[in-house]
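Shown next, in structure tokens, is the structure this report addresses.
What follows is calculated from the coordinates using simple rules that are stated; it is not laboratory data. Just so it is clear, the structure is predicted and the values come from calculations on it, not from any experiment. Cβ coordinates were reconstructed from backbone atoms using ideal geometry, including for glycine residues, and neighbour counts include every protein chain displayed.
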Amino acid sequence: MGLLSKKDSKLILDPLADNNPITIQVLGICSALAITAELKASIVMSISVLFVLGLGNVVISLIRNIIPAKIRIIVQLTVVAALVIIVDLVLKAFAYELSKTLSVFVGLIITNCIIMGRFEAFALGNGPWRSFLDGIGNALGYAVILIIVGFFRELLGSGTLLGYKVLGDPIEKTMLYSIGYENNGFMLLSPMALIVVGIIIWVQRSRNKALVEDH
Amino acid sequence: MEHLELFFKSIFVDNMVFATFLGMCSYLAVSKKVSTAVGLGAAVIFVLAITVPLNWLLDQYILQEGALSWLGPEYANYDLSFLSFIMFIATIATMVQLVEIVVEKFSPSLYNSLGIFLPLIAVNCAILGGSLFMQSREIPTLGLALNYGFSSGIGWFLAILAIAAIREKIRYSNVPPALRGLGITFIITGLMAIGFMSFGGMLTGGEEKKEEDKTSATIEMVKQNEDKVADNTNVK
């Protein structure tokens, strides 16, 4: 890549797989699970986190030398909360239906551990440009898992993708449904999100043995 | 009755971990040993029981549309609800710090067991989630808000206690290597969540019945009132 040095592109590419925020660092699980019943909601959530984490990392990195260490958590929370309010108002203005489905989970981006985790682990010790890349990288890693989970849950649970009936119409019995295929409504219930993430972790760790934990 | 219903509903039916996935991060990170899980769970109950009623007051008297009318009629049109995220999180962060200072001063033994978990709690989704659900479910009174905070804390406590106990035992079983640690924890939590779903029917069956009773009761009341009015007219 011409634009980014090798070290910088590592910041973006690492979190996508080997240092994924959800499956390896165990951050930001709450929202990853609760809103993935539809692909569209997962995508919007990923974009919101991308925005908040990218900008938040830059802001924290810019003011990292003036924040007193003792009250840094409150300062960080204020920065995130301000950014999340922007996201929430934009969603309410342009995608009202979707903001209803996401309900409190937009607000919960504030306490999404990915954000605080990256602030603490990276932005407090690095310059703004690298922090920005780190934020974008981790948000993309988060987005990958969200989109995989959302894809499978929507496809198997309601037979649609982004609202399009890709497997045919269950009522008129077209395409797959004509040979007796049924939707698995269980995929839409919350426990299945946990199990799907569990399976993703399983697949990832059997491909890369270095990630296996002792217990 | 209302209190009892909310109490059981928040512990079992709307369990924070199994139904809404709140506080999953610390749930997964601190559930390796039962003793630490108990410490964190107790701290969550404590902080939720303080912050939910406080945020209820904030919501009722400052943030809701028209909530400022107690200042005077000219303030009645303000709607500050867009500020609720920042107000709630600020309240939570300050309360956590305050609780930490107070506990350290008055009960060093409690501080030793809870102390290290308190700073963690400010960024636990369960705490902010409790306040946000309190707001979106429009809990009507301060007493119910206190009840809601306390009982959802207990629900969270039960969940982390259960998973910590299972994780302590699972060390002795032969889990596929790639699933060890995080993977199996996810799957067990999923299975526990399926189990907890069976509580779902426990209260809804009663609720529908109750609503019917209410409507029939109001109809009766209206009838009685009409009778009274009729009586009055007769007397006159």
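Give the average, rounded to an integer, of partner chain Cβ atoms located within 10 angstrom of each Cβ in B:186-199.
Counting other chains' Cβ atoms within 10 Å and averaging over B:186-199 gives 5.
All C-alpha to C-alpha distances of the protein assembly as shown, sorted into 10 Å bins beginning at zero, yield P(r) values of 4, 18, 28, 27, 14, 6, 3, 1, 0, 0 percent in whole numbers. Of the peptides A:13-23, B:191-201, A:91-101, the ranking by mean beta-carbon count within 10 Å, highest at the top, reads A:13-23, B:191-201, A:91-101. Among A:28-41, A:174-187, the peptide with the highest mean count of other Cβ atoms within 10 Å heads the list, and the full ranking is A:28-41, A:174-187.
The overall shape of region A:58-123, judged from the alpha-carbon gyration tensor, is prolate: a/c is not under 1.5, and a/b is greater than b/c. A Förster radius of 56 Å, combined with the Cβ-Cβ distance separating residue B:74 from residue A:182, puts the computed FRET efficiency at roughly 0.40. Each Cα pair under 8 Å and six or more residues apart adds its separation to the average, and for chain A the resulting relative contact order is 32 percent. For a paramagnetic label modelled on residue A:19 (point 7 Å from Cα along Cα→Cβ), amide N atoms under 16 Å away belong, within region A:92-130, to A:114-130. Backbone phi angles across region B:152-163, fed through the Karplus curve with coefficients 6.51, -1.76 and 1.60 (θ = phi - 60°), yield HN-Hα couplings of 5, x, 5, x, 5, 4, 4, 5, 5, 5, 5, 5 Hz in residue order; Gly and Pro are listed as x. Centroid-to-centroid, using Cα positions, region B:20-65 and region A:151-191 are 37 Å apart. Each part gets one Cα centre, and for region A:1-45 versus region B:138-165 those centres are 31 Å apart.
Across region B:1-146, Cα pairs under 8 Å and at least six residues apart give a relative contact order of 30 percent. Phi angles of region B:84-93 translate, via the Karplus equation with coefficients 6.51, -1.76, 1.60 and θ = phi - 60°, into HN-Hα couplings of 5, 4, 6, 5, 5, 5, 5, 4, 4, 5 Hz per residue; Gly and Pro are given as x. Within chain A, helices built from complete DSSP H runs that reach 20 Å or longer along their own axis (Cα positions) and carry a mean Kyte-Doolittle hydropathy of 0.0 or higher are A:39-62, A:72-94, A:128-158, A:190-207.
Mean per-residue shielding of peptide B:128-138 is 3, counting Cβ atoms of other chains within 10 Å of each Cβ.
Coupling constants for region B:44-50 follow from the phi torsions by the Karplus curve (6.51 cos²θ - 1.76 cosθ + 1.60, θ = phi - 60°), and in residue order they are 5, 4, 4, 5, 4, 5, 8 Hz; glycine and proline get x.
Across peptide B:29-35, the average count of Cβ atoms from other chains found within 10 Å of a residue's Cβ is 1.
For residue A:22, the amide hydrogen comes within under 5 Å of the amide hydrogens of A:27, counting only partners 5 or more places away or on other chains and with H modelled in the peptide plane. The H on the amide N of residue A:161, modeled in the peptide plane, is under 5 Å from the matching H of A:166, each at least 5 residues off or on a different chain.
The simple Förster model, with R0 at 51 Å and r as the Cβ-Cβ distance, assigns residue A:121 and residue A:174 a FRET efficiency of 0.50.
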